[in-house]
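Participant: Mind looking over this structure? Questions follow.
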Amino acid sequence: QVQLVESGGGLVQPGGSLRLSCAASGSISSVLVMGWYRQATEKKRDLVATITNSGSTNYADSVKGRFTISRDSAKNTVYLQMNSLKPEDTAVYYCNGRATLRSYWGQGTQVTVSS
């Protein structure tokens, strides 16, 4: 089992920045890819960014150049640095850990971009 706990969400004005954190615990060695997803109200959950154990990253087109995913293996933590935030970035952000046989999800953290 893998436990994922997100933090760092909140209310920010358009153009502002936030950094989300995802602390992982448990059978972390089984996780191959870590990622962030988001789900806006009445919409499906979409991929935001992923990072592999080797450090390869992938981003949704809508966040390229604005968001950066990174990991600190010593702390078992994955980060999502979000800059130049837009109202359309408003959503619940979920941390995901993908292992060979299953995926794990955190409880989510709300990000609201509004003036």
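Participant: Could you grab the pairs with beta carbons closer than 8 Å, sequence gap of 6+ or different chains, first residue in the stretch 15-27 and more than 21 Å from Gly65 (Cβ to Cβ), second one in a loop (DSSP other than H, G, I, E, B) and open to solvent by less than 50 Å² (accessible area, probe 1.4 Å)?
Facilitator: Sorted first by the residue in the stretch 15-27, then by its partner, the pairs are Ser21/Gly8; Cys22/Gly106.
Participant: I need the full set of residues from the stretch 8-31 which are open to solvent by less than 60 Å² (accessible area, probe 1.4 Å) and under 12 Å from the mean Cα position of the chain (by Cα), in order please.
Facilitator: Across the stretch 8-31, the qualifying residues are Gly8, Gly9, Leu18, Leu20, Ser21, Cys22, Ala23.
Participant: Right, here's the next one. Restricting attention to the stretch 12-32, report how many residues are over 25 Å from Glu88 (Cβ atoms) and part of a strand (DSSP E or B).
Facilitator: Applying the first criterion (over 25 Å from Glu88 (Cβ atoms)) to the stretch 12-32 yields 23-32.
Those left that are additionally part of a strand (DSSP E or B): 23-26, 31-32.
Qualifying residue count for the region: 6.
Participant: So the check is Cβ under 8 Å with 6+ separation or different chains; which pairs have a first residue in the stretch 101-115 that's within 11 Å of Leu20 (Cβ to Cβ) and a second one that's among the polar types (S, T, N, Q) and outside any loop (DSSP other than H, G, I, E, B)?
Facilitator: Hits for this filter: Gly106/Asn96; Gly108/Gln39; Thr109/Ser7.
Participant: Give the number of residues within the stretch 101-115 that are part of a loop (DSSP other than H, G, I, E, B) and in contact with a helix residue (DSSP H, G or I) (Cβ under 7 Å, 6 or more places away or on another chain).
Facilitator: Residues meeting the conditions: 1.
Participant: If you don't mind, another one. Here are some conditions: (1) farther than 17 Å from Gly9 by Cα; (2) in a strand (DSSP E or B); (3) modelled with pLDDT of 95 or more; (4) open to solvent by 30 Å² or more (accessible area, probe 1.4 Å). Gly97 meets all but one. Which one does it not meet?
Facilitator: Exception for Gly97: condition (4).
Participant: Look through the stretch 71-88, keep the residues that are more than 16 Å from Val5 (Cα to Cα) and assigned to a strand (DSSP E or B), and return whichever of them is least open to solvent (accessible area, probe 1.4 Å).
Facilitator: By that ranking, first place goes to Met82.
Participant: Only one of (1) open to solvent by less than 60 Å² (accessible area, probe 1.4 Å); (2) outside any strand (DSSP E or B) fails for Ser54. Which number is that?
Facilitator: Only one criterion in (1) open to solvent by less than 60 Å² (accessible area, probe 1.4 Å); (2) outside any strand (DSSP E or B) is unmet by Ser54, namely (1).
The values are calculated or read from the model by the stated rules, or taken from the named source; none is laboratory data. Given the structure is predicted, the values throughout are model-derived calculations rather than measurements. We place every Cβ from the backbone using ideal geometry, glycine too, and count neighbours over all the protein chains shown. With ligands, DNA and RNA removed, areas are computed over all heavy atoms of the protein, side chains included. Shrake-Rupley method; radii C 1.70, N 1.55, O 1.52, S 1.80 Å.
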